[in-house]
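Take a look at the structure below.
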Amino acid sequence: MQRSNPDAAQAEDNKKNHNYVTALARGLELLRCFGDADEYLGNAELAKRTHIPRPTVSRLTATLMQLGYLVYMPHIERYRLGPRVLDLGYRYLASEGVGTIARPLMQELADATDCFIAIGVAEGIQMTYTQTCQGPGPLILRMSTGSRVPIAHTSIGRAFLAALTPEQREPYYALIRAEEPAEWPRIERGLERTFADYERDGFCITEGEWSREVSGVGVPLVLENGYRVVSFGCSGSALRLTQRVMSENLGPRLRDMVGQVRQLVDGADGAGNRDLTTRA
């Protein structure tokens, strides 16, 4: 049985657990505020985003700075992420064997299609890229490892959801409804159409959903007896990636590539102790 663990959806239950350390959770929440467009943040902004009292934020940032997870920039009175965060990221990527195995195949497909190929993992209502490959041409989508995209509006995100049971999707649905209540009926209809496509074809398609200029296909890969799902995406210019191109060319090619990754991971796992499944 597949299991999922959307941290944000379990926050309230975690707080009731006597093993839950609030200070640690709050410190990690502060680190998660930093992103591509938010490289520098001050205590006031961090307090506003996390709803953590500012005096508490000040103590947490001072501690994180001493530990090397934040660096203070006195000339702008703001913090940026420190080198210890990078160390954690590299350790995670080093343990993510799928990315290492898949990268040559991903780059081959990126070069052949002039598309952006990525592996993503779910984090709340977003997918975080853990491996990316670029084609040789002037692509419209230039993103890197660590970038995040919405789970509900991208092919890589919808492919992840497609691999879950209806019960496992519900925590993610709850987060999406809370984030976009007015748009939820439309989003839900789009998700259901995508899931039907996945059942029929083995891949998910989005056309200008997240950005009018970007379209793509996605395929999930289920790992560790269903306890972990990663998702592969192939994206590019919506002008070039028409419905026909994606359904007849890119979708089948990405699906076949993920099938190759599955076989390689099975082989790397020796006797095949892991149950790896994906649509063929």
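Nothing in this text is a laboratory measurement; each read-out follows from the coordinates by a stated rule. Computed from a predicted model, the values in this text were never measured in an experiment. FYI the Cβ positions are ideal-geometry reconstructions off the backbone, even for glycines, and counts take in every protein chain you see.
Ranked for footprinting exposure by Cβ neighbours inside 10 Å, fewest first, M127, M106 give M106, M127. Anisotropy class assigned to region 96-268 is oblate, per the alpha carbon gyration tensor with a/c at or over the 1.5 cut-off and a/b no larger than b/c.
Here the residues V121, V149, V219, V21, ranked from fewest to most Cβ neighbours within 10 Å of their Cβ, fall in the order V21, V121, V149, V219.
Rounded to the nearest whole Hz, the Karplus-based 3J(HN,Hα) values (6.51 cos²θ - 1.76 cosθ + 1.60, θ = phi - 60°) of region 230-240 follow the sequence 10, 10, 10, x, 10, 10, x, 5, 5, 5, 9, with x at glycine and proline.
Taking all Cα pairs closer than 8 Å and separated by 6 or more residues, the relative contact order of region 96-268 comes to 24 percent. Mean separation of Cα pairs under 8 Å and 6 or more residues apart, divided by the residue count, gives region 200-241 a relative contact order of 36 percent. Counting charges near V57 (Lys, Arg +1; Asp, Glu -1) among other residues having Cβ under 12 Å from its Cβ returns a value of +3.
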